[in-house]
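Taking it in order: structure first as structure tokens, then the write-up.
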Amino acid sequence: MALQVVITGANRGIGLAMTRLFIEQGCQVYGLCRQSSEALERSGAKVVSGVDVATDEGIEVMVNALQGVAIDVLVCNAGILRDENLSQFNLDTMREQFEVNTLAPLRVVHALESQLLNGGKIAMITSRMGSIADNGSGGRFGYRMSKAALNAASVSLSVDLADKDIAVGIYHPGYVQTDMVGGRGDISAHEAASRIVGLINELAMSDTGVFKHSNGQVLPW
């Protein structure tokens, strides 16, 4: 029986690339997004649009669309990047990033917990910019803090879901050429997605709650 995979932010970038790769592996993928794309519609995924994971309405759309689906793999990929520093201080964008990057993935897991199969997997797409030890350039307050908080939440999930043998992977994709960074980056979305899908396939309870680069390197908190 095909594995059932749910991916948020599946309409472009790394989410779209992961969608395609899981489908190539024979999985049934549910591609969740706020607004679909032509590429996602052509991918073979079951597309669920109108899912803004930072809102009550978006979570309700997701839950209704996934009723009865037994989930093997849940990938919380949706995220945003804004830019603030001390001279361009913006509490609104900081709060926005916490809603989308930190609270939304937790809301998704909470809403779908009863549908996650024992022995299933959760992948949190985070960033090494959430690493405190690795911060050598400063700035980006909202993004850094929201991803550090996501990392903390993901470790808590790994503890709380251990009795159901649900493993939680915490993954930094790399500096990826996506719309989020204006096309800059040193690896393609396909390469980053391929690495992450490989890590998800290998994920076991022995490395649940571990913060990893997509190349397999364990990252500092």
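Only the coordinates and a few stated rules stand behind these numbers; no lab work does. What you are looking at is a predicted structure, and each value in this text was computed from that prediction instead of being measured. Cβ sites come from the backbone with ideal geometry, for glycine too, and all protein chains shown count toward neighbours.
Summary table below
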read-out	value
Cα centroid separation, the range 1-55 to the range 75-136 (Å)	18
Nitroxide proxy distance, nm - points 7 Å out along Cα→Cβ at residue 190 and residue 152	4.0
Fewest-first sequence of 122, 80, 166 by Cβ atoms within 10 Å of each Cβ	80, 166, 122
Charge sum, other residues only, whose C-beta stays under 12 Å from residue 56's C-beta, Lys/Arg counted +1 and Asp/Glu -1	-3
Convex hull of the range 1-118 built on C-alpha atoms - directionally averaged projected area, nm²	7.9
Spin-label pair residue 137/residue 162, simplified geometry with 7 Å Cα→Cβ offset, distance in nm	3.5
Largest-first ellipsoid semi-axes for the range 4-213, taking √(5λ) over the Cα gyration tensor eigenvalues, angstrom	25, 19, 18
Cα-based helix-to-principal-axis angle, 189-202 vs the chain, degrees rounded to 10	60
Crossing angle, helix 141-160 versus the chain [Cα axis fit, 0-90 degrees, rounded to tens]	40
Whole-number percent relative contact order across the chain, with pairs defined as alpha carbons under 8 Å at least 6 apart	19
Packing-based exposure ordering (other Cβ within 10 Å, fewest first) of 147, 164	164, 147
Size descriptor, Kirkwood hydrodynamic radius, that averages inverse alpha-carbon separations across the range 45-96, Å	13.7
Residue order, fewest to most surrounding Cβ atoms within 10 angstrom, among 98, 141	98, 141
Antiparallel DSSP beta bridges within the chain, as percent of all bridges there, nearest 5	5
Column: log10 I(q)/I(0), Debye, Cα scatterers of the range 120-221, q = 0.23 Å⁻¹	-1.25
